[in-house]
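Below: one structure, written as structure tokens.
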Amino acid sequence: MSRASQDYKSAVKPIWCPGCGNYGAMKALTQAFLDLDIAPESIALVSGIGCSGRMSHFFNTYSLHGTHGRAVPTALGVKAARPDLTVLAVGGDGDGLSIGGGHISHAARKNTDITYLLLDNRIYGLTKGQASPTTDFGHKTKTSPFGVDELPMDALPAFIVYDATFVARSSTVHVAELTELLKAAILHKGFSILHILTPCVTYPVFDARTLKAALQPLPEDHDRKDKMAAIVRGYSTSPVFTGIFFRTEKPTLEERLERQAQPFAPERSGDELDMLRKVLYDFS
Amino acid sequence: MSSRPFRSDVNFVVRIGGEAGDGVISCGELFAQAAARTEYHVFTYITYPSEIRGGFSMVQIRIRDWTIYSMGSRVDYLVVFNQESYDKTISGLREGGMVIYDPDTVTPEPSETTRFFAVPLTKLARESGISGPGKNVIALGALGHLFDIDPVVLKKLIRDRFRHKGDAVVERNIKAVETGYEAGKACGWGQRFRLKADPDAKASYMMLSGNEAVALGAIAAGCRFVAGYPITPATPIFETLCRLMPKVGGKAVQMEDEIASISAIVGAAFAGEKVLTPTSGPGLQLMGEQINLASMLELPVVIVNVQRGGPSTGLPTKTEQSDLKFAIYGTAGESPRVVLAPSTVEDCFYQTIRAFNIAEIFQVPVVVLTDQSIGYRKATVRIPDFERFHFMPFHDLIEDNPVIPNPAHIDVVSRLEPTSEELADYKRFRITDSGISPISRPGTPGGQYLATGLEHTEKGHPDYTPENHQAMTSKRFRKIEVLSNLLEKNPREYYGSPEARIGIIGWGSTEGAIREARYLAEQEGVLVRHLHPKIVLPMADRRIRYFLAELKHVIVVEENYTGQFAHFIRARFGIRPIEVHKCQGLPITPREILAAILNVARISDEQSITRL
């Protein structure tokens, strides 16, 4: 049975402004699901707050639009409880780097098998144009009327330092490339982060044309196992590299939990009440 | 009135005090465990400093031939390892009580009403080649002799306790317990107390702390996903579950903080599991936003809050009942939740099962409020009778049974899932009479839906229209109204004479102390009725009004400064109770409550008191 892109679309109408980069991310994600032939009912899409947080509304999946900054630990709970599901978390630069920034290093350390889409437009769009952790130095916003006087955060090298097992960057101006990277991230066993640059049309910090000019795929010979090379290329601003910077394999949280429970499988094979009795008698 | 249960023949309190690191608590726990393997009931109270070493540490063990309701008001046997613990606890010793002390570290004040016995703990420990901590096992041996506990029982306990540390450690400790037993023999106690061994005791009772009882209740209720972050005094719940979850096919994950912990259980609840996170006051505060979200998404989550002294980091190792207001009112906007308060160690087991049942049936967050004193207290608990365990499908439920697990009838209920007809046009948040709508499990085709914290339609789609917000708020709260109506049918939760005109209301861990105070008051000729709701939000209003209507005076007892439950009762029922607060980080004692009752009796008129 072949699916159509319509199967992944919910009845909720997108709230994004016309021309918003997020449409590109939505299109790429739909195409990735289609190409990988994942049933909509076995996808859990968890999102945070902000324009990017609305992504979960528009998919006909098990979608959870939760609180600001908590998409990653929430998605971790979904996946740990139900490893059979394809679990994705979606957040923006504020959601993922400001309020929820503390969670990413731990999700990476645990290597939970989820895919995290960090949609970076370098501005707070839904609250109408305040500075975010990635807004350019000197850029004027309503909360930085004299220009942002802090340096923007370089998130991607940080993700590599956190030991995330899959770190990639793409943009919504190259939907085909984004689709391929999304597929690789979803297929990756472990915590995969995709840093997605997406222009905001209403409070622009950068536009599609300058983004296109700045982007360049990683060199053919980039060694995805070379952490130092990944960090160095991650810091580069001209060009801004796209592609898979770093990829490695290590046991996932879900595998480790499964391994812990495994030795006790014989004890659980009987009647549920017998199992409870055994646990209780430990205490008598 | 002559054969009141409190007038039992065996009823005494042993208190052991020393410096943290002396092994005082493990000495007390081993002694309690030995006593629990007799025909008697055991009840412990533990207090310790927040530092790992140094500071005053104490364990108190009450042993009785009848159900024990509280830690007791006075001490019969005092064992002191150092001068500080002697100085701090001697005033609690009853007249004619006994002090066992280490002559190398304690100089007791001579007293005519106290019997003193020197047991050279430090010296004996040194001689038997065990360094400092060995003192506690010497003391255990001496206590074993005093109470005539078979050395075989003591040695078995030592073996069970130290097995994981290797044979050499086991042997050294067995030698220490023998040395202590001999030292006890040399004391010439005079009359010794016999704790008879009962071969059946092990089969019908287990010794549990309140925290362990919560963990076991969760497992019995079907909880298979736990996420947590260590915080005193809730940590033992998490530790126990980390150890047990793999055994029952469940999962326990330590997260980076409390916000991540509750986020993870919200995710796991969405994924279809029964979930729990244990925490204490400051952690509950951090979880506030996600509890609110769970309420809005109508997801069943259980949060166990083991209260400690506050505010802020406050008194991490001491007890208090001061998170009630936060548990009830700590929310942005109006989001329903349920708050339970177990009152005994055994109740911790059953109320935790009840918390899961309520969460699953009504798809709401349930906060279980225990506290340090009940969490760390160990007591003999009847082993649950699993023949009476029923795993119930949702549809068999509701009318008059409900959600009340007790030793006689334990139901375990899971959430309502949609039928295939309902999935044809699935409305996750369908408006129903009861407010409960079927919840689909990820993986179910056709069950896909959007769970958003934004106000939403029956389908889950965002909708901010005035009519929709009113209808949805009403739907969410209707579930609580249904629960409240069910509670009216519960067996009564109040005790005492119908003629009493003085009523006393408490919640949580104070039940035993209040109950004992009631018996003591009756001895003084003052009749009291006692109400102790296990569900503090919502309440069975009609039944409580009925209770209140029969009384002239109502006392509300609680361990906090501002009278949080009293305020709640006052606001809800329009009465003005007499408030009794204790805010010392210590559990209230029966005698403190008795004093309050007698004060009220004194100021009230003749009619309110029935002389016996």
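The values are calculated or read from the model by the stated rules, or taken from the named source; none is laboratory data. These numbers were taken from a predicted model, which means no experiment stands behind them. With ideal geometry, Cβ positions are generated from the backbone for all residues, glycine too; neighbour counts draw on all protein chains shown. What goes into the accessible areas is simple: the full protein's heavy atoms, side chains included, and nothing from ligands, DNA or RNA. Shrake-Rupley method; radii C 1.70, N 1.55, O 1.52, S 1.80 Å.
Extension gain, B:Ser434-B:Glu127: 0.36 nm per intervening residue step, less the Cα-Cα distance, totals 103.4 nm. Sequence-distant contacts, meaning Cα pairs under 8 Å at least 6 residues apart, place the relative contact order of chain B at 11 percent.
Note on exposure: A:Arg54, A:Arg277, B:Arg542, B:Arg476 ranked by accessible area (1.4 Å probe, complete protein assembly) read B:Arg542, A:Arg277, A:Arg54, B:Arg476, with the most exposed listed first.
Here the relative contact order of the stretch B:498-539, from alpha carbon pairs under 8 Å that lie six or more residues apart, stands at 52 percent. For B:Asp148, the accessible surface of its heavy atoms amounts to roughly 40 Å² (probe 1.4 Å, protein chains only, rounded to the nearest 10). Counting only aspartates and glutamates at least 8 places from B:Lys247 when in the same chain, those with an alpha carbon closer than 15 Å to its own are A:Glu258, A:Glu267, A:Asp271, A:Glu272, A:Asp274, A:Asp282, B:Glu239. Helix B:24-36 and the long axis of chain B differ in direction by around 80°, with both axes built from C-alpha atoms. In degrees between 0 and 90, to the nearest 10, how far off the longest principal axis of chain B does helix B:466-487 point, with axes built from Cα atoms? Rounded to the nearest ten degrees, it is 40.
Residue pairs exceeding 28 angstrom between C-alpha atoms, taken from A:Lys27/A:Lys128; B:Lys459/B:Lys534; A:Lys142/B:Lys325; A:Lys110/A:Lys227; B:Lys274/B:Lys479; B:Lys88/B:Lys156: B:Lys459/B:Lys534; A:Lys142/B:Lys325; B:Lys88/B:Lys156. Take each peptide in B:292-303, B:227-238, count the other Cβ atoms within 10 Å of every residue, and average; sorted highest first, the result is B:292-303, B:227-238. Between the helical axis of B:135-146 and the longest alpha-carbon principal axis of chain B there is an angle of about 80 degrees. Nearest-5 percent of antiparallel DSSP beta bridges in chain B? Given both bridge residues lie in chain B, the antiparallel proportion sits at roughly 40 percent.
Placing pseudo-labels 7 Å out from each Cα toward the beta carbon at B:Tyr495 and A:Glu150 gives an inter-label distance of 5.7 nm.
Near B:Leu286: Cβ cut-off under 13 Å, other residues only, Lys/Arg at +1 and Asp/Glu at -1. The net charge is -4.
With all protein chains in place and ligands, DNA and RNA left out, the 1.4 Å accessible area ranks A:Cys51, A:Cys17 as A:Cys17, A:Cys51, largest first. Placing B:Tyr329, A:Tyr124 in order of accessible area, with the largest value first and a 1.4 Å probe, yields B:Tyr329, A:Tyr124. Can you work out the PRE-style zone for A:Ser236? Point 7 Å along Cα to Cβ, and I want the residues of the stretch A:201-224 with backbone N under 18 Å. Once the point is set 7 Å along Cα→Cβ of A:Ser236, A:211-224 turn out to lie under 18 Å by backbone N, inside the stretch A:201-224.
Ordering A:Thr237, A:Pro263, A:Ala164 by the projection of their Cα atoms onto the charge dipole of the stretch A:162-271, which places +1 on the Cβ of Lys and Arg and -1 on the Cβ of Asp and Glu, puts A:Thr237 at the extreme positive end. So for the protein assembly as shown: antiparallel DSSP bridges make up what percent, rounded to the nearest 5? Bridges in the protein assembly as shown are about 30 percent antiparallel.
Return the calculated 222 nm mean residue ellipticity for the protein assembly as shown, to the nearest 500 deg cm²/dmol, obtained by summing -39500 (n - 2.57) across DSSP H runs with n ≥ 4 and dividing by the residue count.
Computed ellipticity for the protein assembly as shown at 222 nm equals -11000 deg cm²/dmol.
Taking every residue in B:450-459 and counting other chain Cβ atoms within 10 Å of its Cβ, the average works out to 5. Computed from the Cβ-Cβ distance with R0 of 22 Å, the FRET efficiency linking A:Gln262 to A:Ser105 stands at 0.20. Under the convention that each Lys and Arg Cβ holds +1 and each Asp and Glu Cβ holds -1, the size of the dipole of the protein assembly as shown around its Cα centre is about 440 debye.
In the stretch A:132-284, the convex hull through the Cα atoms has an average projected area of 15.2 nm², a quarter of its surface area. Just for chain A, what percent of DSSP beta bridges are antiparallel, to the closest 5? Bridges in chain A that DSSP calls antiparallel: roughly 20 percent.
Based on C-alpha pairs under 8 angstrom that are at least 6 apart in sequence, the stretch B:291-334 has a relative contact order of 28 percent.
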